[in-house]
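Here the structure comes first, spelled out in structure tokens, and everything after it is commentary.
The values are calculated or read from the model by the stated rules, or taken from the named source; none is laboratory data. Just so we're clear, the structure is a prediction, and the values are computed from it rather than from any experiment. Virtual Cβ from ideal backbone geometry, glycine too; neighbours counted across all protein chains shown. With ligands, DNA and RNA removed, areas are computed over all heavy atoms of the protein, side chains included. Shrake-Rupley method; radii C 1.70, N 1.55, O 1.52, S 1.80 Å.
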Amino acid sequence: GLIEREGETGVFQNFDESHRRHSLSASRAQSDPNNLVVIGRGAPLTLDGGFAKVPPDLVQTPDERRGKTWTTGVGFHNCLVIDGEMGAGTPVQTCGRLLRFVDTPVLAFGEADVTSHYRDYGLTEVVRRTLQLGDGLFCVVDRVKAPEEHDVTWHVFLRPYVRCGAGSLVVDTPEAVRLTLMPLAGEMLPPVRVKGMPVVLENEADLVRIK
């Protein structure tokens with residue numbers, strides 16, 4: 001976690017153990033490699049689907065092999081989705097690796113490798129670095145390598161107050177906290193309103209996809 005000094009604003013990057021989906025004997029049945037949770041002045045800004053039924057109004061890519069009954073797949077977290085497979089889960093019980101964590105008075109960053117979570121796609125490297133630059137400014141950099149071409153999309157679930165601008169979007173929450181998201185590369189698709197997840201707060205979210 002990269003936390004501002006007052007302790008109410010920060011980014012948490014999850015890279016811990018993730019089990020095969022729907023394994024009731026597992027301690028966690030979520031596939032959320034390098035999932036980002038953003039909090040601003042104590043208010044949640046990005047959302048995690050948690051263990052909820054897949055919303056019926058959310059368009060999905062058919063994938064019978066992986067199954068998509070619950071929001072435990074990688075596409076229902078703030079993670080990278082490969083080839084549009086939202087319901088993809090971890091192929092075997094696996095764990096990401098913390099590569100570096102630096103905390104200085106000037107900046108802080110964490111970097112984690114979750115390549116093993118995406119082994120079904122033949123990817124050779126999936127690394128996310130999150131930098132804290134102070135004054136509520138954070139930068140997220142993803143690095144993906146593969147011998148073949150794949151469609152790579154970053155899914156971000158935000159509070160349902162998204163307004164789109166020129167090359168950016170803004171979220172103004174009822175707690176009077178503003179989040180501005182500005183992709184430095186790629187294409188930002190129009191947000192999709194997702195009803196029924198998460199089961200807390202507004203019980204809906206705005207899904208933003210950056211290709």
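Among the residues of the range 115-126, the one identified as touching a residue at least 60 places away in the same chain (Cβ under 8 Å) and part of a strand (DSSP E or B) is V126.
Does any residue of the range 157-175 turn out to be in contact with a Leu (Cβ under 7 Å, 6 or more places away or on another chain), open to solvent by 50 Å² or more (accessible area, probe 1.4 Å) and more than 20 Å from V74 (Cα to Cα)? There is at least one residue in the range 157-175 that is in contact with a Leu (Cβ under 7 Å, 6 or more places away or on another chain), open to solvent by 50 Å² or more (accessible area, probe 1.4 Å) and more than 20 Å from V74 (Cα to Cα).
Go through the range 176-211 and count every residue that is open to solvent by less than 60 Å² (accessible area, probe 1.4 Å) and charged (D, E, K, R).
Residues in the range 176-211 being open to solvent by less than 60 Å² (accessible area, probe 1.4 Å) and charged (D, E, K, R): 3 in total.
Taking residues in the range 95-114 that are under 14 Å from G134 (Cα atoms), and partners anywhere that are among the polar types (S, T, N, Q), the pairs with Cβ atoms closer than 7 Å and at least 6 places apart or on different chains are L107/Q132; A108/Q132; F109/T130; F109/Q132.
Scanning the range 127-152 for residues being in contact with a Ser or Thr (Cβ under 9 Å, 6 or more places away or on another chain), in a loop (DSSP other than H, G, I, E, B) and either among the aliphatic types (A, V, I, L, M) or closer than 28 Å to G196 by Cα (or both) gives a total of 1.
Which pairs turn up if I take residues in the range 153-176 that are over 20 Å from V199 (Cβ atoms) and look for partners that are of a type in the set (S, T, N, Q) and not in a strand (DSSP E or B) with beta carbon separation below 8 Å, at least 6 apart in sequence or on another chain? Here the result reads W154/N78, each pair linking the range 153-176 to a residue that is of a type in the set (S, T, N, Q) and not in a strand (DSSP E or B). Taking the range 159-211 as the range and being aliphatic (A, V, I, L, M), at negative phi and in a loop (DSSP other than H, G, I, E, B) as the test, the residues that pass are A166, V177, M182, L184, A185, L189, M197, V199, V200.
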